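A short worksheet on the structure shown next.
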Amino acid sequence: MSRAADESIIADRTLAPEGRLKIDWVRAHMPVLNRIRERFEREQPFKGLRVAICLHVEAKTAYLAQVIHAGGAEVAITGSNPLSTQDDVCAALVESGITVFAKYNPDPREYKELLVRTLEMRPHLIIDDGGDLVTILHAERPDLIDQVRGGAEETTTGLLRLRAMERDGKLRFPMVAVNDAYCKYLFDNRYGTGQSVWDGINRTTNLVVAGKTVVVAGYGWGGKGGAMRARGLGARVIVTEVDAIKATEAYMDGFDVMTMREAAKVGDYFVTVSGNRDCIRGEHYEVMKNGAILANAGHFDVEINKPELEAMSVSRRTVRRNIEEFRLKDGRVLYLLAEGRLVNLAAGDGHPAEIMDMSFALQAMALKYVNEHHGEIGPRVVNVPYGIDEQVARLKLESLGKSIDTLSPGQKEYLDSWAAH
Ligand SMILES: NC(=O)c1ccc[n+]([C@@H]2O[C@H](COP(=O)([O-])OP(=O)(O)OC[C@H]3O[C@@H](n4cnc5c(N)ncnc54)[C@H](O)[C@@H]3O)[C@@H](O)[C@H]2O)c1
């Protein structure tokens, strides 16, 4: 038996054929990553290295793991959310020689154990999503840190945690801020979240959005996408914010802006995407309409305060897959989707493949970059070099068959000069 097959902890190995089909489908729609895989196969940038990956284990991440593996690395992968792991994809990954520590819906203790098992491979490089692997390494298992050269972080929330570690002088190796690259947040956070959040909500509820009132909490890149696509579905959209500039932007983009306290009374759907806790809480449940639907798209399940919802409810029951009904004392019911976890991943397939093609192309190239430059970077959070970002955009345009103009020498000189124009 291969090492991957020997050591992996997954739900059911017989599901591999279905998982393989899912991976084949996304691979056919990830041309940028395909180009990088070809390059990695030739150049073997990760030969002899161990790479630990913590991402939502579904088909697109599976393909990223295979691309890193094709670059010569021994790869172990674990889930970045207990509800987003797809068991058939896990089985297909093991079959392709990747060690998997992930299964759908493990209890919190087991979920943590799977993260730790992944780190016990003693990785040289890390891909993290939300900062769990890096935080556990530093806070609980520093015995596994010495050989780590660096890593790359996928999302806004993970970067907040990494920057806090860096500020406190605790970070011990370089981490590349993949989330902050243009080819990540402009497309993944905005268009990816915009489409997949509504895909997750719609397939879960099977209810109409047109004519309803949608409240989006947070008007960052994810919120912009969620609000834009809600409008496209025919909803009236309200944005809540704590940042005056973002709120003004939302207003100028044509959305209504108000406090959550006001919005709570009128919303039919609520979507939190702030990266912050308690955006929706007891005082809001008090005034919500009967039948309001609550969904979260932020990284952690803290944006909708679940303990307060539970405490205010006289009963709760699952009324449909991924929909829990909470009955309040006055008889109103509120529906919570996917336990308040990322609705697009816990109740859907996540972002479209063409979007993750760019995010994961950045991940693959950022990992190669940090491996080659970790000594000079030192223990810091660094941006993806602009050249890598630009290369991903160029590969994307190439795959779309689109060309752009180039600056003439005269135009270059004009842009670079300060003398009278
Ligand atoms: N579901 C997904 O697939 C997906 C994709 C990308 C990012 N994310 C996650 O979504 C969250 C947001 O990411 P982003 O890139 O949009 O971040 P961002 O920093 O661009 O935007 C967050 C916005 O929320 C606002 N905010 C903070 N506290 C608030 C509050 N109490 N009420 C209302 N607004 C508040 C901030 O002012 C900011 O404008 C993060 O947790 C991120 O990790 C999820």
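Sorting Val134, Val273 by accessible area puts them as Val273, Val134; the probe is 1.4 Å, largest comes first, and only protein heavy atoms count.
For the chain, the equivalent ellipsoid derived from the Cα gyration tensor has semi-axes of 35, 28, 21 Å, listed largest first. In sequence order, the stretch 384-398 has phi-based couplings of 5, x, 4, x, 5, 4, 5, 4, 4, 5, 5, 4, 4, 4, 4 Hz under the Karplus curve 6.51 cos²θ - 1.76 cosθ + 1.60, θ = phi - 60°, and Gly or Pro positions carry x.
Given the -39500 (n - 2.57) contribution per DSSP H run of 4+ residues, what per-residue ellipticity at 222 nm results for the chain, rounded to the nearest 500 deg cm²/dmol? Please report the intermediate quantities before stating the final value.
Values: 18 runs with 187 residues, N = 421.
Value at 222 nm, helices only, nearest 500: -13000 deg cm²/dmol.
Restriction of the trypsin sites (Lys or Arg not before Pro) in the stretch 162-205 to DSSP coil positions whose beta-carbon has at most 10 other beta-carbons within 10 angstrom yields no sites. Principal semi-axes of the equivalent ellipsoid, √(5λ) from the alpha carbon gyration tensor of the stretch 131-252, are 36, 16, 12 Å from largest down.
Within the full protein context, the accessible area of Tyr335 is estimated at about 60 Å² for a probe radius of 1.4 Å.
Students often get this wrong: which residues of the stretch 128-142 have the backbone nitrogen under 15 Å from the point 7 angstrom along Cα-to-C-beta of Arg172? Only 133-142 pass the distance filter.
Which value, in Å to one decimal place, does the Kirkwood hydrodynamic radius take for the stretch 373-421 when every pair of different Cα atoms is included? That comes to 14.3 Å for the stretch 373-421. Ligands, DNA and RNA excluded, the heavy atoms of His69 present near 70 Å² of accessible surface to a 1.4 Å solvent probe.
Our coupling estimate for the stretch 326-334, obtained by passing each phi through the Karplus curve with A = 6.51, B = -1.76, C = 1.60 and θ = phi - 60°, is 10, 9, 8, 4, 7, x, 5, 10, 10 Hz, Gly and Pro reported as x.
Which of rounded, prolate or oblate describes the stretch 1-114 when judged by the alpha-carbon gyration tensor and an a/c cut-off of 1.5? Prolate shape, in that a/c is at least 1.5 and a/b is the bigger ratio. Which shape class applies to the stretch 340-421: rounded if a/c is under 1.5, otherwise prolate when a/b exceeds b/c and oblate if not, where a ≥ b ≥ c are the square roots of the Cα gyration tensor eigenvalues? Because a/c hits 1.5 or more and a/b fails to exceed b/c, the stretch 340-421 counts as oblate.
For the stretch 375-405, the list of trypsin sites (Lys or Arg not before Pro) that fall in a loop by DSSP and count at most 15 other C-beta atoms within 10 angstrom reads Arg380, Lys402. Pairwise Cα separations in the stretch 269-421 fall into 10 Å bins from 0 onward with the following percentages, short to long: 9, 24, 19, 18, 16, 9, 4, 0. Simple rule: put +1 on each Lys or Arg Cβ and -1 on each Asp or Glu Cβ in the chain, find the dipole, and look at Ser408, Met312, Met175; the Cα lying farthest toward the positive end is Met312. The trypsin sites (Lys or Arg not before Pro) of the stretch 47-104 that meet both conditions, a loop assignment by DSSP and at most 15 other Cβ atoms within 10 Å of the site Cβ, are Lys47. In this structure the amide hydrogen of Ala292, modeled in the peptide plane, comes within under 5 Å of the amide hydrogens of Tyr335, none closer than 5 places in sequence on its chain. Relative contact order of the chain, taken over Cα pairs closer than 8 Å and 6 or more residues apart, is 16 percent. The overall shape of the stretch 102-200, judged from the alpha-carbon gyration tensor, is oblate: a/c is not under 1.5, and a/b is no greater than b/c. Within the stretch 298-315, which residues have the backbone N less than 20 Å from the label spot 7 Å out from Asn290 along Cα→beta-carbon, could you tell me? The answer is 312-315. Remark: spin-label model distance Ile245-Glu41 equals 4.6 nm, labels positioned 7 Å along the Cα→Cβ axis.
Under 20 Å of direct C-alpha separation, and excluding same-chain neighbours fewer than eight residues apart, Lys47 reaches these lysines: Lys368.
The distance separating the Cα centre of the stretch 309-342 from that of the stretch 383-399 comes to 44 Å. Charge dipole of the chain (Cα centre as origin; +1 on each Lys and Arg Cβ, -1 on each Asp and Glu Cβ, all else neutral): 540 debye, rounded to the nearest 20.
The values are calculated or read from the model by the stated rules, or taken from the named source; none is laboratory data. Only a predicted model underlies this, so the values are computations on that prediction, with no experimental measurement involved. Note: ideal-geometry Cβ built from the backbone for every residue, glycine included; neighbour counts use all protein chains shown. With ligands, DNA and RNA removed, areas are computed over all heavy atoms of the protein, side chains included. Shrake-Rupley method; radii C 1.70, N 1.55, O 1.52, S 1.80 Å.
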